[in-house]
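J.: One structure coming up, written as structure tokens, with questions to follow.
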């Protein structure tokens, strides 16, 4: 997508538009509808879809299936790792869903019978549906990086699903001696939150600068290019010139194996022994997507860009990180936007009507320091069977913004998080 600089006024206008979108409630359809929708996954995508369905038509029976009573949000979790935020600020429950007459079933979904249209829970209960929405998020590919297993993650945390892993990485950084080497690995595309590893690198560098000034961070990257690259690199040069070393693919950054016993990461060009190792491993759609038959050989789920219905299984829709959404990134904002479009399409389909062609939005905020934010925004539409960029509708933070603008964007990031979590879980 072509990126265009945006002014401070544009930032304010865009944030106002974002807040309006987050608070938008689609009016009920004129004609009566009925049907049973089961939503599997209670993150930003699934929870948003369940609530949007009930706002559109309260007569639709909605069941939300989620394995955990507490949802721990990934956005801003890098600030938790850097000691700038506490983990409880990331955690939310589903107590308010009952007021919308959404049935919340706290149990893992372990299977889908697409022919019988039922979701199978771990206790054997079968939930019937007319339409199924899968929002399972991501799963670490434990077979993708030699040496990296679930056991290895207890020594070399990925922290790519927020919660215990987030706190493990934080505690490792806090207990590391000043002068220790931190080594991160960033995977090849696609993966959850494209700018996430680089925000994490920034905030870890901030932690080192303020708490362990003799230490250093190396980022081993399986790519030569990444989201908001120019903005990040310029910020690192300005804020952390001696703390961060980024090693791209072309200079030997791709990690080929790890050894948790020695805390080392190996590339084609050498071995890096770390005091703290953060291995962000390759990913795929959550396990239930494969069990339901909606994931292809890539591990992700091809979908129709208008309805988010699976291209592999009828009557099953996939939203959020698990979906192959074309140009649209795997972010919480994108998941929320997709959920609303999917909910509107489901209501139309259940009423026997044709869904409208959507336009979707996404904004990704990143903190480079507590008072230094940057962002990228995009608008997407169905084109050629995928979601494609709307040319000229996106933009990034200006390269030479003033400190006031950077602080403003940091405030926007925090304000966005409060707004979206309030809408989805409040």
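The values are calculated or read from the model by the stated rules, or taken from the named source; none is laboratory data. No experiment lies behind these values; they were computed from the predicted model shown. Ideal geometry is used to build each Cβ from the backbone, glycine not excepted, and the neighbour counts take in all protein chains shown.
J.: Could you check the range 206-220 and list, in sequence order, the residues that are under 13 Å from residue 278 (Cα atoms) and either within 19 Å of the chain's Cα centre (by Cα) or in contact (Cβ under 8 Å) with a residue 40 or more places away in the chain (or both)? Break it down stepwise before answering.
T.: Initially, the range 206-220 is screened for residues under 13 Å from residue 278 (Cα atoms), giving 217-220.
Within the range 206-220, 218, 220 qualify.
J.: In the list 340, 354, 359, 391, which residue meets the criterion of being over 14 Å from residue 304 (Cα atoms), in the same structural domain as residue 307 (by TED's automatic domain parsing) and surrounded by fewer than 24 Cβ atoms within 10 Å (Cβ to Cβ)?
T.: Details: 340 fails: surrounded by fewer than 24 Cβ atoms within 10 Å (Cβ to Cβ); 354 fails: over 14 Å from residue 304 (Cα atoms); 359 fails: over 14 Å from residue 304 (Cα atoms).
Of 340, 354, 359, 391, the one residue that is over 14 Å from residue 304 (Cα atoms), in the same structural domain as residue 307 (by TED's automatic domain parsing) and surrounded by fewer than 24 Cβ atoms within 10 Å (Cβ to Cβ) is 391.
J.: From (1) assigned to a helix (DSSP H, G or I); (2) in contact (Cβ under 8 Å) with a residue 60 or more places away in the chain; (3) surrounded by fewer than 19 Cβ atoms within 10 Å (Cβ to Cβ), pick out the condition that doesn't hold for residue 203.
T.: (3)
J.: Also, quick follow-up: Would the range 257-272 turn up any residue that is crowded, with 24+ Cβ neighbours inside 10 Å and farther than 22 Å from residue 50 by Cα? Before you say what the answer is, go through the steps one by one.
T.: Restricting attention to the range 257-272, the residues satisfying the condition of being crowded, with 24+ Cβ neighbours inside 10 Å are 258, 265.
So of that shortlist, the ones also farther than 22 Å from residue 50 by Cα come out as 258, 265.
Taking every residue of the range 257-272 in turn, at least one turns out to be crowded, with 24+ Cβ neighbours inside 10 Å and farther than 22 Å from residue 50 by Cα.
J.: Listed residues 354, 330, 297; which is farther than 16 Å from residue 135 by Cβ, modelled with pLDDT of 95 or more, touching a helix residue (DSSP H, G or I) at 6+ places or on another chain (Cβ under 9 Å) and outside any helix (DSSP H, G or I)?
T.: On the way: 330 fails: farther than 16 Å from residue 135 by Cβ; 297 fails: touching a helix residue (DSSP H, G or I) at 6+ places or on another chain (Cβ under 9 Å).
That would be 354, the only listed residue that is farther than 16 Å from residue 135 by Cβ, modelled with pLDDT of 95 or more, touching a helix residue (DSSP H, G or I) at 6+ places or on another chain (Cβ under 9 Å) and outside any helix (DSSP H, G or I).
J.: Taking the criterion of being under 27 Å from residue 55 (Cα atoms) and surrounded by fewer than 24 Cβ atoms within 10 Å (Cβ to Cβ), would at least one residue in the range 315-324 satisfy it? Full working, then the answer.
T.: Within the range 315-324, the first condition is being under 27 Å from residue 55 (Cα atoms), and the residues that meet it are 315-324.
Now narrow it down to the ones that are surrounded by fewer than 24 Cβ atoms within 10 Å (Cβ to Cβ): 315, 324.
Yes: one or more hits.
J.: Identify, from the list 17, 109, 25, the residue that is more than 24 Å from residue 169 (Cβ to Cβ), touching a strand residue (DSSP E or B) at 6+ places or on another chain (Cβ under 9 Å) and modelled with pLDDT under 95.
T.: Numbers: 109 fails: modelled with pLDDT under 95; 25 fails: touching a strand residue (DSSP E or B) at 6+ places or on another chain (Cβ under 9 Å).
Checking each option against the conditions leaves just 17.
J.: For residue 387, state whether it is outside any helix (DSSP H, G or I) and modelled with pLDDT of 95 or more.
T.: Values: outside any helix (DSSP H, G or I): yes; modelled with pLDDT of 95 or more: yes.
Yes: the conditions hold for residue 387.
J.: Okay, next question. So, of the residues in the range 138-149 that are in a loop (DSSP other than H, G, I, E, B) and touching a strand residue (DSSP E or B) at 6+ places or on another chain (Cβ under 8 Å), which turns out to be farthest from residue 187 (Cα to Cα)? Give the steps one after another, and end with the answer.
T.: Residues of the range 138-149 that are in a loop (DSSP other than H, G, I, E, B), as a first pass: 141-149.
Next cut, touching a strand residue (DSSP E or B) at 6+ places or on another chain (Cβ under 8 Å) only: 141, 145-148.
Numbers: 141: 11, 145: 10, 146: 14, 147: 15, 148: 13 Å.
Selected residue: 147.
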